[in-house]
Each structure stands twice: as structure tokens, then as C-alpha cells.
Amino acid sequence: MPTRSPLIIGAGPAGLTAALELVKRGVAPRIYEASGNVGGLARTPCRDGWRVDPGGHRFFTRSKAVLDLWTSLLPADQWVAVARRSAMLVDGQHVRYPLAGRDLLTQLGFRSGLHGLGSLSWARFRRSMRDVATPESFRDWGVSEFGEHWYELFFAGYVRKTWLAEPADLTSDWANQRIRPIRWRKVAEFAAGDVFRYPRLGPGQLWEAAAASLAVNGVVTSLNSPVVAVRFSGGNWTVELQNGETASGDAVFSSMPLRVLVNALEPRPPQHILEAADALQHRALVTVGVALEKRHELPYNWVYTPGEDVRVGRIQNYTRWSAGLSPAHWHGTHLGLEYFTNSDGDLWAAGDESMARIVEDDLRALGLGDSAVQKMMFVRSKFAYPVYDPARESSVALLRDHLRTHYPSLRPMGRNGMHHYDNQDHAMLSAMGSVARYFGEDVDPWQVNTDLRYQESGLLRK
């Protein structure tokens, strides 16, 4: 039996899951993480008892294998059950999300409700007259699903703010998974059952436990170890780190951004492959944890802010996620303000002082400026979300097929590794599939999360 010596690039949910699966099968991988934290976007930076969840990570899955792994890493008393409540801030009103028909018809005024209903009826009529389904932009999909009026009111501005592009220039591939339809009946019953697990100290608690479990088995994650070159020769792999060190192995499991991976390959891939990789775009994220001394009773986990009067795109209320994200005996308000940007955008380039001024302006516009700020934490994530522009699908397919053909022992996985808008359970499943394929099983990790109607809802119990 050949000696197995796999290398793993990235210590987020996919990388750590792959490592755990390999250890379970008796193989000790080596893991290289570019940053100083494990967990990727699902890390939880902590300072003086304040914790920041950069993405608001709901722990829901339909996979028993994923659930079993989660519960094996953290004991039951380190999990909390979180009832999901979200709203969209429109015209000064917190409108429940998922959108409820009763709210749409009454909360923003009779005229707006009547206009929206008429617009929706017309959109549904037009949809029923289509003979053939055609690829839709996000704008086409949004107008068809919600009608012109409600689409413009709730989604057009939000998409421009968060994806930094015109909705007509984005595909709708991700929309059915991420945006829920209008609820016309049984809203109360749906809300009561929309509950998720969450680690008491944030998502990073789980992935720190995963790294600790690996260390017990002799697999220590190399932090602050960016990979700058990935070389293939004679059936073996060598990765080179930024500090010049190298490591060799028989396979590479990679959750680094697919674009970055392809550009790091040696020998260099053909020009058309490099061009396909360079076409892949990411959205960066700056999350600002804000502790306000005054207590604001905000009954939502998330508030989406599509309006142009503030730059923040989404607000997390950390108190509703878990009291463990704040220091003990804290009685004020702990929020996470999420700013979506490009890695060359002004928000990304802004230093902490400049970001603090932007946050303070937004707090005043949101009516929260009357409370002293006790703490601010800035967390920057360069490769937070893969962008679904028209180039994505064809570029990813071309890269996938090229890597399969020419580098069968190179295994992209996870959200960035596959340039697919995955939740962490999907990233984990792609890692599990990649390890299974490494051992000769007939599994295709690229088929994870291809259900266009997948929606997170409800608490899976063992």
C-alpha cells in the first residue's frame, strides 16, 4: 500500500474537516493556513472578552455526518439554540424577513401595499406566459418573484450595496437558496420553528476545538503560513510557503481561492486557464464589532439595510446570537456592522480610524448615536464571498475539468476552493467527499450544494 502524505491548504471548515476525516482513516496530513486563526470566515476573533462573528454563522444542516462531527467536537453545554428573527430596514420601518404578505400590505401604508400587490400580480402573469425558461439575471429573478415594487423596495439597493454591482449584471443562481419567498400564510408557525444551533462562544469555538482535536492526534496546523507556489512533478506535490519553506506530499487538498490556486500552480497552466481563473471575483467584508453602553432592545438577529442613507449592509445583534459573545455581566448593546467591499475599494483601504468615523455616522443615521461607544473591533475578510457574475459558471467549469484531467490528485474544496456560495456544512461535505475520492470512492465533491431550492430552516436533532 502506497505511503500517503497529503497536504492541506487552508484551515477553515473545509480544511479542518478534511484533516479530521484523514486522521479518522489513519492518515496524518499537514495543514498550512495563511492567517493567524483557524476557521476561515467562521473564526471568532476575541479581545478583552468581546467576540466578533464576521458572518453570523447559523449551524443548520441536513447531513447527519456533519451534525455528528459538530456534536463530537463540542459538548452539549457549549451549544445554544437560537431562534432566527430578521428584518429589513425600509423607510424607517423594521419589516420582518422572510417577507410576510400581511406586513407588505399594511406596514408601509395602504398605497404601497396596493401598488406592491398589483405589481406582483402582473409579474406572475408575465411569468406564466413564458414558453421556455431562460437564464435570468438577479434583477429578472427578483422582479418575477416579488414584483417590481417590492423588488425595488427591498432587494435592488441591498444587492447593489452587498455585491457592488448592478443586479442586471449578476446571475440569479444563488437567489433561490439565499432569498426566501413571500409568506402568505402560517407566518407564526414558520417563525416558531426557525431555530438554529450556535456555539456559545461563536463559530470559531468549534473550529478551535477541531484544531485541538487534530493536535492531540499529532496534526498541528501551521498558522501564518501562506502558500505562494504549488508544484507538481513526477506525480508528487510540493508547496512553497511565503517564508521559503517547502513541504512535499502525494496529494493537495485546497480551500484557498480557486483563482489564487490556479495562479500558484507550477508549471504554469495554459493562458486560457489563467484567464478563466482571473475572471473569478470575490467580495470582501469588513465587520465592525461595536459595544454601546446603552441597552437597545432590538428583537432581531439580523437587520438588512438596503437604503443609501447608511453604508452598512447588514447589522448583527450579537446579544441575540449568544450572551457568550460579550463579557460577563454586560448590559449594553453589542452589534456587528457588516460592510461589503472589494479588496481595492475605499472601505477595504480605510484604516481603523477612518472606519470608526463611518461607523459613527451610520450609528447616528440608525438612531443609535445617543449611546457612548465602549469598544470597537475591526475584522477584515478579503475573500469572503464568491461573486456570481456571468463569467463564474463557465470559468469554474473550465477550471474544474482542467484540474481533474491534468491534476487528479489536486482536490479543490470549500466555498473559496470551488468558488461556490457554500454554507459551512456544504464546505464540510465537499471536504468529506474529497477525502473519500482520495481513497478511491466514487464521489464527486463538485455535486455538493447543487439543489437550487435548498433553504436553511429548522433544528436537526439527533
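Hydrodynamic analysis of the range 57-99 uses the Kirkwood radius over alpha carbon pairs. Inserted into Stokes-Einstein at 25 °C and 0.890 mPa s, it gives a translational diffusion coefficient of 188 µm²/s.
For the chain, return all DSSP H helices satisfying: extent of Cα atoms along own axis at least 18 Å; mean Kyte-Doolittle hydropathy at least 0.5.
Length and hydropathy pass: 203-216.
The calculated Kirkwood hydrodynamic radius for the range 191-253 is 14.9 Å, given to one decimal from all distinct C-alpha pairs. Residue-wise HN-Hα couplings along the range 50-56, as the Karplus relation 6.51 cos²θ - 1.76 cosθ + 1.60 with θ = phi - 60° gives them from phi, are 9, 10, 10, 9, x, x, x Hz; Gly and Pro carry x.
Entry note: the range 97-192 has Rg to Rh equal to 0.97, where both radii use alpha-carbon atoms and Rh is the Kirkwood radius. Based on alpha carbons, the Rg and Dmax found for the range 282-386 are 13.4, 40 Å. Computed from point charges on the beta carbon alone (+1 for Lys and Arg, -1 for Asp and Glu), the dipole magnitude for the chain about its Cα centre is near 1260 Debye.
Kindly give Rg over Rh for the range 216-305, based on alpha-carbon atoms, with the Kirkwood expression for the hydrodynamic radius.
Value, to two decimals: 1.19.
Here the range 147-298 is treated as an ellipsoid with the same Cα gyration tensor; its semi-axes, largest first and in whole Å, are 40, 26, 16. When each of the peptides 167-173, 8-14 is scored by the mean number of other C-beta atoms lying within 10 Å of its residues, the order from highest to lowest reads 8-14, 167-173.
One equal scatterer on each Cα of the range 94-152, no solvent, Debye formula: the resulting log10 I(q)/I(0) at q = 0.16, 0.25 Å⁻¹ is -0.52, -1.02. Considering every Cα-Cα pair within the range 1-61, what fraction, in whole percent, is farther apart than 19 Å? Value for the range 1-61: 43 percent of Cα pairs lie more than 19 Å apart. Structural descriptor for the chain: relative contact order 24 percent, calculated from alpha carbon pairs under 8 angstrom and at least 6 residues apart. Here the range 282-386 is treated with +1 on each Lys and Arg Cβ and -1 on each Asp and Glu Cβ, and its dipole about the Cα centre works out to around 380 debye. By DSSP, the beta bridges lying fully in the chain are antiparallel in about 75 percent of cases.
Rounded to the nearest Hz, the phi-derived 3J(HN,Hα) couplings of the range 254-267 under the Karplus curve 6.51 cos²θ - 1.76 cosθ + 1.60 (θ = phi - 60°) are 10, 10, 5, x, 4, 4, 5, 4, 4, 6, 8, 5, 9, x, where x marks glycine and proline. If you split all Cα-Cα distances of the range 35-117 into 10 Å bins from zero, what percentages do you get per bin, shortest first? Percent of pairs per bin, in order: 13, 29, 24, 20, 13, 1. In the calculated pair-distance distribution of the chain, the portion above 37 angstrom amounts to 28 percent of the Cα-Cα pairs.
Only the coordinates and a few stated rules stand behind these numbers; no lab work does. The structure presented is a predicted model; accordingly, all values stated were derived computationally and were not measured. All Cβ positions, even for glycine, are placed from backbone atoms using ideal geometry, and neighbour counts span all protein chains on display.
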